[in-house]
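**Q** Structure in structure tokens, see below.
Where a number appears in this text, it was derived from the coordinates with a stated rule and is not lab data. This is a predicted model, so every value here is computed, not measured. So basically every Cβ, Gly included, is an ideal-geometry build from the backbone, and we count neighbours across all protein chains shown.
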Amino acid sequence: MKRVSSYEIKNGKIMSNIIQEINEIQVHSIPEFVEKILDFEHEEDCTVYFRGEDKDYKDTAFQPSIYRNTKHLENEYRIYREMQRFNDHEFIEDKSAFDKLSRMQHYLAPTRLIDFSEDALTALYFAVETRKTCDDAIVYVTAVANDKIKYYDSDAVSVISNLAKLPLNDKSEKYYKSEKFKQAIAESAKKSLKNSHRCDPVKCFNTEKSAGFLLHEIKEEKGYFSHIIDPQHIFSVQFVKPKLTNTRIYGQKGAFLLFGLNCENVNKHIPIIQYDEKTKTSTLFNDDCYSHPIIKIMKVRVSCLITLDHLKKMGVTKPYIYTGMDKVSEHLKTV
């Protein structure tokens, strides 16, 4: 894997960008797929997780669904509340905003989460299941730093998850106070980080009115949470292990990437994978503006020679992936 360093000026500072070229391979059978997974080398202090996508989404790979449609992003705070308003009984066991977002993800509502699995065959199933043409599906094999893996009750997870409750900007709802929106929070966080030589960023950020509105939302789930919001968390991507109360998450051995705000443009997601049309290569991208926990990625192109019938022979069927009664009954009708 090639590592390339580049530099640019941001806010008067020299910023370092670390770009790693992502190794791409092609597989034509399940045995070959398994062999390549076993050959994936990574640091010992990492855990391997998998994500399947039905085609090569290039620059929009690893993009949360809330960012795929401008209206969805503008209405994120409405979607969050309307899902509960109509289905409150489904959220009875959920104590936090993250718990609720993970359940919403299960029901295909737009969220700032993307799914991962500890199970390579589960990811392969997702890649193959909805493929519409004979183009390659993609399975991403990722090495995630163990010391960066969070749990559902993490403070950083609470900070990012509760952003979903706030409007995008002051145009979303006229009755909202001017600081009670994501754009204001991002601007306050950037200002606090930029002035870190004058004031502790955490202390500076938590004196901002916009931080107070976010703190109010966090206290709904954590009444003890003090004025300790770290502005760096606002611009981070967190890898989160959820509670396994959801049968689908349990069956799929699921985990999530949870996306904060893009420090350059809150209308866009934080980029993790970048694609170069000229060279036809993908890169794993990091810079000083934000952080994410992925250390290495291998991109596996899955030939259309691999089908659901092959996975069925491995015992990987719809009830294996979707454990709900509705999906099991759908499968039984076809047996």
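**Q** For the chain, state the semi-axes of the equivalent ellipsoid (square roots of 5 times the eigenvalues of the alpha-carbon gyration tensor), sorted largest first and rounded to whole angstrom.
**A** Semi-axes (√(5λ), whole Å): 34, 26, 17.
**Q** With +1 assigned to the C-beta of every Lys and Arg and -1 to the C-beta of every Asp and Glu, and no other charges, what is the dipole magnitude of region 69-181 about the Cα centre in debye, to the nearest 20?
**A** Here the size comes out at about 600 debye.
**Q** How many Å³ per residue does the convex hull of the Cα positions in region 37-182 occupy? Kindly include the intermediate steps, with their values, before the conclusion.
**A** Working: hull volume 22.6 nm³, N = 146.
Given the Cα convex hull of region 37-182, per-residue volume reads 155 Å³.
**Q** Calculate, axis by axis, the spread of Cα positions in region 139-230 along the three principal axes, and write the results as whole Å, longest axis first.
**A** That works out to 44, 34, 30 Å along the principal axes.
**Q** Take region 212-321, compute every pairwise Cα distance, and split them into 5 Å bins from 0; I just need the percent in each bin.
**A** Spelled out per bin, shortest first, that is 2, 8, 11, 14, 16, 16, 13, 8, 6, 4, 1.
**Q** Where does each of 48-58, 158-168, 143-153 land if you order them by average Cβ count within 10 Å, highest first?
**A** Values: 48-58: 19.1, 158-168: 23.7, 143-153: 16.4.
Highest mean packing first, the order is 158-168, 48-58, 143-153.
**Q** Can you tell me, using C-alpha contacts under 8 Å and at least 6 residues apart, the relative contact order of the chain as a whole percent?
**A** Numbers: 604 pairs, mean separation 91.4, N = 335.
Rounded, it is 27 percent for the chain.
**Q** Based on DSSP H runs of at least 4 residues, each adding -39500 (n - 2.57), what is the mean residue ellipticity at 222 nm of the chain after dividing by all its residues, to the nearest 500 deg cm²/dmol? Intermediate results must be reported in sequence, preceding the final value.
**A** Details: 14 runs with 110 residues, N = 335.
-8500 deg cm²/dmol, from helical runs alone.
**Q** Give the residue list of GluC sites (Glu not before Pro) in region 55-155 that are DSSP loop and have at most 12 other beta-carbon atoms within 10 angstrom.
**A** On the way: sites: Glu74, Glu76, Glu82, Glu90, Glu93, Glu118, Glu129; in loops: Glu93, Glu118.
Sites meeting the loop and neighbour criteria: Glu93.
**Q** Compute the Kirkwood hydrodynamic radius of region 119-278, taking the inverse of the mean of 1/r over all pairs of distinct Cα atoms, and give it in Å to one decimal.
**A** 17.9 Å
**Q** What relative contact order, as a whole-number percentage, does region 59-186 give when Cα pairs under 8 Å and 6 or more residues apart are counted?
**A** 30 percent
**Q** Magnitude of the Cβ-charge dipole of the chain, K/R +1 and D/E -1, about the Cα centre, nearest 20 debye?
**A** Computed about the Cα centre, the dipole is about 880 debye.
**Q** Which whole number in µm²/s is D for region 178-251 by Stokes-Einstein, with the Kirkwood Rh taken over Cα pairs at 10 °C and 1.306 mPa s?
**A** Values: Rh = 13.7 Å.
Calculated translational D: 116 µm²/s.
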